[in-house]
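Laboratory data are not the source of any read-out in this text; all were calculated from the coordinates shown. Because the structure is a prediction, the values reported are computed rather than measured. Backbone-built Cβ (ideal geometry, glycine too); neighbour counts: all protein chains shown.
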Amino acid sequence: MFSKQEAQQLKKEFWTAFGKSFPRKWILYDTKIKDMSFKFYADNKKAEVSLDIEMKDEIFRNAYYEKIWSLEDILKEFIGDFQKDEYYTLENGKVMARIWVEKHGVSIFNKNTWQETFQFFVDKMDGFERFYYEYEDFIKDV
């Protein structure tokens, strides 16, 4: 077990190592759609790459989700199997729509799994981005 300070330091090292291993500008928050972003996430059990649709207005949130969901088979070609939840609820109670892929058996606290996690991040985020760039006009037309 790590102290809080050691855990914070390892997290910092993890994200720094990822940035140095794959120095690339990702879309992330720059989708040109307010409150829709791509995210990386890692903890002590898994890694995730997600598309989060966080609009407060449920009608818009669901419209964007439905647009993307209408391309399900195409998205699968870009990122493989994925999970989806139109009403994904965060621990703080915030509701959003989320489409994500995850990899279990890796840990931000185990340096031996970092390269595997980094490769997962790159492969899946690249797939999400290529999908988004290909269908951006369709997705934005809400």
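Looking across region 9-23, just one residue is outside any helix (DSSP H, G or I) and aromatic (Phe, Trp, Tyr), and that is Phe22. Annotation note: Cβ proximity below 7 Å between a residue of region 121-142 that is at negative phi and a residue that is among the small types (Gly, Ala, Ser) (sequence gap 6+ or interchain) occurs for Phe121/Ala47; Val142/Ala63. Selection over region 85-105 of residues that are more than 17 Å from Glu129 (Cα to Cα), basic (Lys, Arg) and surrounded by 12 or more Cβ atoms within 10 Å (Cβ to Cβ) gives a count of 1.
Could you grab me the full set of residues in region 94-111 that are more than 30 Å from Ile59 (Cβ to Cβ) and among the charged types (D, E, K, R)? Let's see the steps before the verdict.
Pass one, region 94-111, residues more than 30 Å from Ile59 (Cβ to Cβ): 103-111.
Selection gives Lys103, Lys111.
Which residue, of Ile68, Ile108, is in a loop (DSSP other than H, G, I, E, B), touching a helix residue (DSSP H, G or I) at 6+ places or on another chain (Cβ under 8 Å) and surrounded by 19 or more Cβ atoms within 10 Å (Cβ to Cβ)?
On the way: Ile68 fails: in a loop (DSSP other than H, G, I, E, B).
None of the other options fit; the residue is Ile108.
With respect to the stated conditions, Glu77 is under 18 Å from Arg130 (Cβ atoms), assigned to a helix (DSSP H, G or I) and charged (D, E, K, R). So, in region 24-59, how many residues would count as being over 20 Å from Lys103 (Cβ atoms), free of Cβ contacts under 8 Å to residues at least 12 places away in the same chain and in a strand (DSSP E or B)? Selection size over region 24-59: 0.
Within region 57-64, none of the residues are within 16 Å of the chain's Cα centre (by Cα), of a type in the set (Asp, Glu) and over 27 Å from Leu10 (Cβ atoms).
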